[in-house]
């Protein structure tokens, strides 16, 4: 067992998990949106989405990285669908009302929206198929256990970081004022629309390779 390679991959998983966790993106915007509109529990469930999106992608990236690089139509479709989905969610941010602190809503809808957001984010696929997959494949040649620990450390870290952000955005359990809530949701809405534009631009760039 090569403990040095294992330690290096675990550290890489934690570092990349922190970076991806705090980096502005559609899932982070969705975590904030659900935290503000439905409460802390909903935000936590949304933050857990990478378990069901990045998890299977980690496995697939080990085998499909080279194939994905030659299939622009796949990324084109994901980019276009992601843009449409984020436009819908972004527009809704401008009309959402603050949650009732005494209510206990079903967080399953928030979890599904988090999963959908991540599945339709082309950057997630590009990360795993162009960065994460090759990184794990190269480490697996030296130590088979290393990529497993990398994936576990990455998933745990990114979920904890995004869950912490959800906690911070509802004041550690207290509720923001209505004015601050409206400002935060408007910013969140514009952020989602901005990501939708970036997804659409990626689809536009891939258009000549597909048609």
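In terms of packing, defined here as the mean over residues of other Cβ atoms within 10 angstrom, the peptides 31-38, 18-25, 114-121 line up highest first as 31-38, 114-121, 18-25. For the chain, the gyration tensor built on C-alpha atoms gives an oblate shape. Its axis ratio a/c (a ≥ b ≥ c) is at least 1.5, and a/b is not larger than b/c. Axis angle, to the nearest 10 degrees, between helix 50-68 and the longest C-alpha principal axis of the chain: 40 degrees. Relative to the longest principal axis of the Cα atoms of the chain, helix 133-142 runs at roughly 40 degrees. Only Cα pairs under 8 Å and 6+ residues apart enter the sum, and on that basis the relative contact order of the chain stands at 44 percent. For the chain, the mean residue ellipticity at 222 nm estimated from helices alone is -26500 deg cm²/dmol, where every DSSP H run of n ≥ 4 contributes -39500 (n - 2.57) and the total is divided by all residues, rounded to the nearest 500.
With a Förster radius of 25 Å applied to the C-beta separation of residue 59 and residue 167, the computed FRET efficiency comes to 0.25. Label-to-label distance, residue 3 versus residue 160, with points set 7 angstrom from Cα along the beta-carbon direction: 2.1 nm. Axis of helix 108-119 versus longest Cα principal axis of the chain: the two differ by about 40°, to the nearest ten degrees. On full extension, the segment bounded by residue 152 and residue 84 gains 21.3 nm, given 0.36 nm per residue less the C-alpha separation.
Every number in this text was worked out from the coordinates using simple rules, so none of it is lab data. What you see is a predicted model; the values in this text were computed from it and never measured. A quick note on method: Cβ atoms are made from the backbone with ideal geometry, for glycine too, and the neighbour counts reach across all protein chains shown.
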